[in-house]
1. Counting only residues that are within 18 Å of the chain's Cα centre (by Cα) and either aromatic (Phe, Trp, Tyr) or facing another protein chain (nearest Cβ under 7 Å) (or both), how many does segment A:107-134 have?
2. Regarding B:Val70, is this residue within 14 Å of the chain's Cα centre (by Cα), under 17 Å from B:Leu151 (Cβ atoms) and not aromatic (Phe, Trp, Tyr)?
3. For segment A:81-106, how many residues are among the hydrophobic types (A, V, I, L, M, F, W, C) and more than 10 Å from chain B (Cβ to nearest Cβ)?
4. Of the residues that sit in segment B:1-36 and are within 11 Å of another protein chain (Cβ to nearest Cβ) and not in a helix (DSSP H, G or I), which one is surrounded by the fewest Cβ atoms within 10 Å (Cβ to Cβ)?
5. Pick from segment A:74-83 the residues that are farther than 22 Å from A:Leu122 by Cβ and among the hydrophobic types (A, V, I, L, M, F, W, C): which of them is most open to solvent (accessible area, probe 1.4 Å)?
6. Report every pair of residues separated by at least 6 positions or lying on different chains whose Cβ atoms are under 9 Å apart, first residue within segment A:67-78 and without any contact (Cβ under 8 Å) to a residue 60 or more places away in the chain and closer than 12 Å to A:Leu46 by Cβ, second of a type in the set (Val, Ile, Thr) and open to solvent by 10 Å² or more (accessible area, probe 1.4 Å).
Amino acid sequence: MSRELRLCAWCLLFVAGEVALYVSYRGHDARFHWFTHFFVGAAAALLAMTVFALWRQRPAPYPLVWVLVGHVLAAAPDLAFIAGVEHQRWMDVFLGHLASHYVPGRNLTWYAAFLATLAGYLVAVDRVEARSRR
Amino acid sequence: MRTDRRRRLAAVWLGTAVMLGALLGVAQASRGPLDDPDQAHQRVGFLDAGPLPAAAPATITEAVAARPAVAFFVREQQFDALCDALAPSSLDLDAVIVVVHRAGEPCGGAAVVADDGDVAAAVGLRRPAGGGYPVGYAALDDEDRIRYRTLDPGLAGRLDEVATILDAVR
């Protein structure tokens, strides 16, 4: 399979995964929870990707998969809730699943955090690619 | 070449920021009048959030007397849909109280309480974004304490979620 097709397949997996997560919430207040756990999970993934890039001196492979994994990790208690398991305080181990809802500024704060970590990763990628061309 | 790479990366950041910012804006603007104005407090999914547990008002406890129960709060417009949904659900109707704004009518086997707003206020349900009577529910334990409360405009279609909360209270 060509590289372009492989990349596109991972893109489709990402989109399908995010749509599935959104649908799993049901109801329009899903938009609040989807955004909270997406931004938190994606920000955590981007931090991990930045560490990877600086350590391995190359961009993280399949970046959208990292983001999807981060989102699933942050939203895991909500998936358990669908199976009949109520939330409990210890579930904050999943990237602050409960506590993240109450941060001042709510989703706007997490949106800003996500953009900051995205910027950090892209800067890391720029430096790594600049070094590889010397 | 370095400039091109940086332009490409900047475009990725800017495009992502604009796309997600627009989606976030649409999501924020699409909040309904029956929703909580602060969605962080709606359908939190865990017991004893904030000041809970708290004593339940007598109007509620008299209807179920020291056993795990759920009290639904609805306006007249949601009453029929809720009663229709309760009958085939897994919820034990002996553990259900339906508190309806103003007039009360039979609702299958569930206890029905008429309320001008005092009961909802005593339970501590938050005021909806559009004002008026709250639509949501509260879960009580066997010590007549409120362990969970939330606004939920779509509660009639989410009784499985209510059952999960009631199981957690037991």
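The values are calculated or read from the model by the stated rules, or taken from the named source; none is laboratory data. On a predicted model such as this, the values are computed, not experimentally measured, just so you know. Glycine gets a Cβ as well: all are built from the backbone with ideal geometry, and neighbour counts include every protein chain shown. When the accessible area is computed, the model is the full protein with side chains, heavy atoms only, and any ligands, DNA or RNA have been set aside. Shrake-Rupley method; radii C 1.70, N 1.55, O 1.52, S 1.80 Å.
1. 10
2. Details: within 14 Å of the chain's Cα centre (by Cα): yes; under 17 Å from B:Leu151 (Cβ atoms): yes; not aromatic (Phe, Trp, Tyr): yes.
So B:Val70 fits the description; yes.
3. 5
4. Filtering segment B:1-36 for residues that are within 11 Å of another protein chain (Cβ to nearest Cβ) and not in a helix (DSSP H, G or I), the one surrounded by the fewest Cβ atoms within 10 Å (Cβ to Cβ) comes out as B:Met1.
5. At the first step, the residues of segment A:74-83 found to be farther than 22 Å from A:Leu122 by Cβ are A:75-83.
Now narrow it down to the ones that are among the hydrophobic types (A, V, I, L, M, F, W, C): A:75-76, A:79-83.
Details: A:Ala75: 1, A:Ala76: 28, A:Leu79: 71, A:Ala80: 31, A:Phe81: 27, A:Ile82: 107, A:Ala83: 83 Å².
In this case the residue turns out to be A:Ile82.
6. These pairs meet every condition: A:Gly70/A:Val40; A:His71/A:Val40.
Listed here are the residues, each with its yes/no results for (1) buried (at least 16 other Cβ atoms within 10 Å of the Cβ); (2) assigned to a helix (DSSP H, G or I); (3) in contact with a Leu (Cβ under 7 Å, 6 or more places away or on another chain).
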{"site": "A:Met49", "(1), (2), (3)": "yes, yes, no"}
{"site": "A:Met91", "(1), (2), (3)": "yes, yes, yes"}
{"site": "A:His97", "(1), (2), (3)": "yes, no, no"}
{"site": "A:Leu118", "(1), (2), (3)": "yes, yes, yes"}
